[in-house]
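Following: one structure in structure tokens, then a few remarks.
The values are calculated or read from the model by the stated rules, or taken from the named source; none is laboratory data. Since this is a predicted model, take the numbers as computed values, not measurements. Here the Cβ is made from the backbone with ideal geometry for all residues, glycine too, and neighbour counts use every protein chain on show.
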Amino acid sequence: MQKYIALVLAVSIAAACSNKTANDIDHASHSSNATNSNGSNGHLNHSSMEHSAMTSSPGAASAPIELQFLDTMIIHHKGAIDMAKLADARAEHAELKKLSSDIIRDQEREIATMNQLRGKWFGEKPEALNMEFPGMSEGMHGMDLKKLESLRGNDFDVEFIRQMIPHHQGAVAMAKHLASNDSYSELKKLTDEIIKAQEAEVKQMGEWLQAWK
């Protein structure tokens, strides 16, 4: 009888271990799939990625320059908006909160325009995000949202400016590069607006940095 009970217990333990192993494998599989759907190993999810870790879309450099600009600048603008959204709850200076609000408003409007133009001219063509587009990597690689999220008050304001100035300068460089090439008239108007607005904001942020640091 004792041998029978021992045998039953051994079988039960083995079955439990087998089920646990299967569950662990299934959980690991789902975790891996989640990483692939949201991280750099799968389709880019730009809303959840670290902006500074982004890579170019396959074949982006061979796409029409206008398509490269639109897809790349849309992501660049989203980076500025992500930074600006942190300011309302963290910034000390009302001037910086106002600037951040303006960045969100203006760049969301420009993203809508760029999406409209992309659909009009390029339809369902594959994404052409090009991190090597002049100005793109310089503007994005200095972003550190985690650091900004850890700061408040004047420390936030100073770090925000230190990150946003090169980000803006990158956008200006991108716009000037496109402007130096033959392009659609609607894009010429957009690049002129980006250059004018962001150069003015860089100048203003530079003055604040000198006063607040």
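Assigned by TED's automatic domain parsing to the domain that holds D102, on the phi > 0 side of the Ramachandran plot and modelled with pLDDT of 50 or more: is that true of G59 in this structure?
Spelling it out, G59 is indeed assigned by TED's automatic domain parsing to the domain that holds D102, on the phi > 0 side of the Ramachandran plot and modelled with pLDDT of 50 or more.
Scanning the stretch 166-213 for residues that are over 18 Å from E108 (Cβ atoms), touching a Gly at 6+ places or on another chain (Cβ under 8 Å) and of a type in the set (G, A, S) returns G170, A173. Picking from residues in the stretch 129-171 that are acidic (D, E) and under 15 Å from A84 (Cβ atoms), the one that is surrounded by the fewest Cβ atoms within 10 Å (Cβ to Cβ) is E149. With a requirement of 3 or more residues that are free of Cβ contacts under 8 Å to residues at least 60 places away in the same chain and either surrounded by 13 or more Cβ atoms within 10 Å (Cβ to Cβ) or touching a helix residue (DSSP H, G or I) at 6+ places or on another chain (Cβ under 6 Å) (or both), the helices (runs of 4 or more DSSP H) lying completely within the stretch 55-128 that satisfy it span 65-84, 94-122.
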